[in-house]
Amino acid sequence: MGRTREAGCVAAGMVIGAGACYCVYRLTWGKDENEKLWDEEDEEDEEEEEKSCSGKTEKELKTNVGVGAGGKPQDDSKSKVEVNVGPENGPGVKKEVHPESQSGGGLEAKAKALFKTLKEQARAKAGRGIRLPNISRNRTLTSSLPCPGGRGGGCHPGRTGSRARNRTSGKVKRKNRSKSNKAPATAWPVRKGKFSFPYKIDDILSAPDLQKVLNILERTNDPFTQEVALVTLGNNAAYSFNQNAIRELGGVPIIAKLIKTRDPIIREKTYNALNNLSVNSENQGKIKTYISQVCDDTMVCRLDSAVQMAGLRLLTNMTVTNHYQHLLSYSFPDFFALLFLGNHFTKIQTMKLIINFTENPAMTRELVSCKVPSELISLFNKEWDREILLNILTLFENINDNIKSEGLASSRKEFSRSSLFFLFKESGVCVKKIKALASHKDLVVKVKVLKVLTKL
């Protein structure tokens, strides 16, 4: 029995040593192996290995130590140790280890051989990326990392949880690596509101408070402070009593100087504030100084942008009356080009602006003599919605009435074939398009078409 007990102790020591070596490997050497991205060939090998190992079942560690008659132990070459290394839920990987004779190194030699075998098996498993069924592929967020605000900001995934999962799954590692954690670049710096503004943007302020806001706006160069001050002044300019107060405090030049800034957000807020102030006729007399600058910036800024829409709204308010329309007559071709190129909202706002000019007979000659794109006729198609069709029909109706009242029909030789006069009156295409709209499904559009046709 002494030999049997000794063999049992040897086997137990080998199992304990193998477990310790495997733990050391998982904590040290295996760490770098999981940082690599594996090729498609490894994935195919993994599928083949999983198929070949699917029929196998895990077995416990077995040590066959036989004692023959006469108390002689069996030959060491017949003593086999089966080692099962792998996760419990995954396919088992078996390896037979033939320990050397005890005279050739004893327990130390056996441990080295077993450790070498375990290391090779672990490397093979790490390379094939064995998948565990209980691994979640969802990314987690570390609670200690804040989510930065502003434009283009994002939350970064926690590195600890990600690395722990990637040690056990090569495929999860590849899928996570494919997603970029880099925040997109922003065109303008993120607003950092460290300055404590004395008022809320929706507060209705008195004249002394408005003076304080204007002083802040005049002295600061901080974009965040400028934006808050402009929004505060714009909201207060929606009330008639504050429209007068801001003008009397000299606020129009202070606000208008920010038209020259490069920041599109500041320009947009500036146009919004001036737009609310322009409802007052006395304020229009102050704003007219900057109307050409606003028009030029509106035409050259990014198409369909918020700055362009804010500029068009300001120009529309400034041309409601006939006093300042002549200041924008040089931009008629640009307005018609924008009417053709812009999106739905830009088209509608541009039509409202041009309709203001068509309601002033004195502007008719300059309006119909400007060059316009021939594609403008496509706005009379049935595919457009009610608002666009009603606006383009109103524009045609006003121009047709003004041509008759100003007697321009007899002087048709003055206008080129690319002019608005030729497109609306001489080509005949526009009239055909309008007659086709008589069968439109919208009743309001049909009534408007009939009204226009009766005036032809």
Can you report the number of residues in the stretch 230-260 which are touching a helix residue (DSSP H, G or I) at 6+ places or on another chain (Cβ under 6 Å), over 20 Å from V320 (Cβ atoms) and not in a helix (DSSP H, G or I)?
1
Answer with yes or no whether T298 is part of a helix (DSSP H, G or I) and open to solvent by less than 30 Å² (accessible area, probe 1.4 Å).
yes
In contact with a Cys (Cβ under 6 Å, 6 or more places away or on another chain), touching a residue at least 12 places away in the same chain (Cβ under 8 Å) and open to solvent by 30 Å² or more (accessible area, probe 1.4 Å) - does that describe any residue in the stretch 359-380?
no
Can you run down the residue pairs with Cβ atoms below 6 Å, 6 or more apart or on separate chains, where the first is in the stretch 205-229 and under 21 Å from P264 (Cβ atoms) and the partner is aromatic (F, W, Y)?
T225/F195; V228/F197
Can N400 be described as farther than 30 Å from A310 by Cβ, over 43 Å from the mean Cα position of the chain (by Cα), open to solvent by less than 20 Å² (accessible area, probe 1.4 Å) and not hydrophobic (A, V, I, L, M, F, W, C)?
yes
Restricting attention to the stretch 325-337, and to residues there that are of a type outside the set (S, T, Y) and open to solvent by 10 Å² or more (accessible area, probe 1.4 Å), which single residue is farthest from M309 (Cα to Cα)?
H326
When N280 is evaluated against the numbered criteria (1) open to solvent by 10 Å² or more (accessible area, probe 1.4 Å); (2) modelled with pLDDT of 95 or more, which criterion, by number, is the only one it fails?
(2)
If you check every pair at least six apart or on different chains, which have Cβ atoms under 6 Å apart with a residue in the stretch 302-313 that is without any contact (Cβ under 8 Å) to a residue 40 or more places away in the chain first and a residue that is open to solvent by less than 10 Å² (accessible area, probe 1.4 Å) and not in a loop (DSSP other than H, G, I, E, B) second?
Q308/T298
Selection within the stretch 403-427 - open to solvent by 40 Å² or more (accessible area, probe 1.4 Å) and under 19 Å from A337 (Cα atoms):
S416, R417, S418, F422
Are any residues in the stretch 428-447 in contact (Cβ under 8 Å) with a residue 40 or more places away in the chain and either open to solvent by less than 50 Å² (accessible area, probe 1.4 Å) or of a type outside the set (V, I, T) (or both), and if so, which ones?
C430, K433, I434, A436, L437, H440, D442, V445
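The values are calculated or read from the model by the stated rules, or taken from the named source; none is laboratory data. From a predicted model like this one, the values you see are computed outputs, not experimental measurements. Positions of Cβ are backbone-derived with ideal geometry, glycine not excepted, and every protein chain shown enters the neighbour counts. Areas reflect the complete protein model, heavy atoms only, side chains present, ligands, DNA and RNA absent. Shrake-Rupley method; radii C 1.70, N 1.55, O 1.52, S 1.80 Å.
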